[in-house]
Amino acid sequence: MANKIKKGDEVVVISGDHKGSKGKILEVIRAKDRVLIEGVNLVKKHERKTQDNPQGSIVERESSVHISNVKKSS
């Protein structure tokens, strides 16, 4: 599948829960036809306690969006 979207491009989400959101592509996952967009589709991730993070925490991270739901913004 030849896609014209690559890392660093500015895109707009054209369908789904985050329709109308704009952001920069952080990563393209070609094997699954998905992209990570900065500040879009945030999910809360629980991190376990470690020596680096003795309290544990809840972190917000970007989740992937299918590549067919985004288009380059002009």
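The values are calculated or read from the model by the stated rules, or taken from the named source; none is laboratory data. This structure is a prediction, so every number in the text was calculated from the model and none was measured. Note that each Cβ is placed from the backbone with ideal geometry, even for glycine, and that neighbours are counted across all protein chains shown. Each accessible area value is taken on the protein alone, full model and side chains, heavy atoms only, with ligands, DNA and RNA left out. Shrake-Rupley method; radii C 1.70, N 1.55, O 1.52, S 1.80 Å.
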Among the residues of the range 43-53, count how many are open to solvent by less than 90 Å² (accessible area, probe 1.4 Å) and either out of contact with any Lys or Arg (no Cβ under 7 Å at 6 or more places or on another chain) or among the acidic types (Asp, Glu) (or both). 3
Return yes or no: is residue 35 among the hydrophobic types (A, V, I, L, M, F, W, C), at pLDDT below 95 and out of contact with any Asp or Glu (no Cβ under 6 Å at 6 or more places or on another chain)? no
When you go through 57, 15 one by one, which is the residue that is in contact with a strand residue (DSSP E or B) (Cβ under 7 Å, 6 or more places away or on another chain) and open to solvent by less than 70 Å² (accessible area, probe 1.4 Å)? 57
Answer yes if at least one residue in the range 3-23 is assigned to a strand (DSSP E or B) and without any contact (Cβ under 8 Å) to a residue 24 or more places away in the chain, and no otherwise. yes
Looking at this structure, is residue 73 exposed (fewer than 12 other Cβ atoms within 10 Å of the Cβ), closer than 15 Å to residue 8 by Cβ and among the hydroxyl-bearing types (Ser, Thr, Tyr)? yes
